[in-house]
Amino acid sequence: MAGYTDKNFKILAADRFVDIRYREWGAADNRKIAICVHGLSRNCMDFDDLAASLASEWRVLAVDIPGRGASDWLEDKSLYGYPLYETVCAVLVARSGADEIAWVGTSMGGNIGMRLASRPGTPIRKLVLNDIGPFVPAEGRRHNQADFGKDPRFESEAAGIAHVRETRGVFGPFDEAGWQKFGRDSLRQLEDGQWTLHYDPGLSQPSAPIQNSDNWRLWPHIACPVLTMWGTESKILPADVVERMASTGPKSAVHEVPGVGHCPGLTTPDEIEAIRAFLAN
């Protein structure tokens, strides 16, 4: 897919520098910046369709959080976590040169966005939360992370894509071409020719008992407009949480994606137009 430039920068993680990769769309001198951050085991390529659609109006920066995609894996797995992820994103904001930004975050990326948007002096002026809210029930987290941290091997790219489609069937909605791209973007090829998933399996270490994730304390401190993209079958974002998000704090607007779980792919014209219209207002 044309129209982007792959870029990088380095951050200091404990005692060593690590390389962070991101994809930039749109005119380099455009001061309207949208930052896109992916979910737990995903990468920046999830935003290719959305970024291409926004690039005529926005400069879009989609980052690979450490341990995912083309960014470095960490030697010390205990460093994987929100403090480091927030630092990565703060550096990306600084590199953009913008005083104000829009944020599009899927799942974990939305959690990072909520954390940053709730801070005093935040540069975030519009916040899109893709199937994530201030509260995630433990049951939903367990369901979402059932295969997380496993390190499968596939003899062919096609076999890997089939695995992704089987285990991530609640994503979407995708047509056949969309599933093929989603599957390819989920994989990397090893030196021996086999294929595996495109993230560090060490992300799941050290593991802790999965509990409810409760960040309602952040919600009243988010002052910018919020749009929630909600997969109506999501186990991560229950209906009662969506209702509370719409009626308290920043009073999120909600765009429903029927028949989809966790999480919407942000590739359909309807999803893209909902985000474009929200960012434009």
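Laid out as a table, the results:
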{"quantity": "DSSP loop trypsin sites (Lys or Arg not before Pro) with at most 13 other Cβ within 10 Å: longest gap in the chain", "calculated": "32-149"}
{"quantity": "Segment 89-158: chymotrypsin sites (Phe, Trp or Tyr not before Pro) in DSSP loop, at most 16 other beta carbons within 10 Å", "calculated": "Phe148"}
{"quantity": "Among His221, His143, His262: highest mean-square fluctuation, GNM of the chain, C-alpha pairs under 10 Å", "calculated": "His143"}
{"quantity": "Where labels lie 7 Å past Cα in the beta-carbon direction, separation of Trp216 and Glu166 in nm", "calculated": "4.0 nm"}
{"quantity": "Average Cα contact separation per residue, segment 71-165, under 8 Å, 6 or more apart, as relative contact order %", "calculated": "21 percent"}
{"quantity": "Over 20 Å between alpha carbons, listed pairs Lys32/Lys126; Lys77/Lys235; Lys7/Lys32; Lys77/Lys150", "calculated": "Lys77/Lys235"}
{"quantity": "Met108, Met229 arranged by Cβ crowding within 10 Å, fewest neighbours leading", "calculated": "Met108, Met229"}
{"quantity": "Leading residue at positive end of dipole, segment 65-135 (Cβ point charges), from Ala70, Leu116, Tyr82", "calculated": "Leu116"}
{"quantity": "Lys, Arg +1 and Asp, Glu -1 on Cβ, resulting dipole of the chain about Cα centre, debye, nearest 20", "calculated": "800 debye"}
{"quantity": "Length released on extending from Lys32 to Thr232, taking residue separation times 0.36 nm less the Cα-Cα span", "calculated": "68.9 nm"}
{"quantity": "Built amide H within the under 5 Å cut-off of Gly265, gap 5+", "calculated": "Gly172"}
{"quantity": "Additional length obtainable on full extension of the chain from Asp192 to Ala208, 0.36 nm per residue less Cα span", "calculated": "2.5 nm"}
{"quantity": "Most mobile of Leu12, Leu129, Leu40 in a GNM of the chain (Cα contacts under 10 Å)", "calculated": "Leu12"}
{"quantity": "Nearest-20 debye value, segment 160-244 charge dipole, Cβ charges on Lys, Arg, Asp, Glu", "calculated": "160 debye"}
{"quantity": "Given 10 as the ceiling on other Cβ atoms within 10 Å, longest exposed-site-free region of the chain for GluC sites (Glu not before Pro) in DSSP loops", "calculated": "1-154"}
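Where a number appears in this text, it was derived from the coordinates with a stated rule and is not lab data. Note that the coordinates shown come from a computational prediction; the quantities given were computed from them, not determined experimentally. We place every Cβ from the backbone using ideal geometry, glycine too, and count neighbours over all the protein chains shown.
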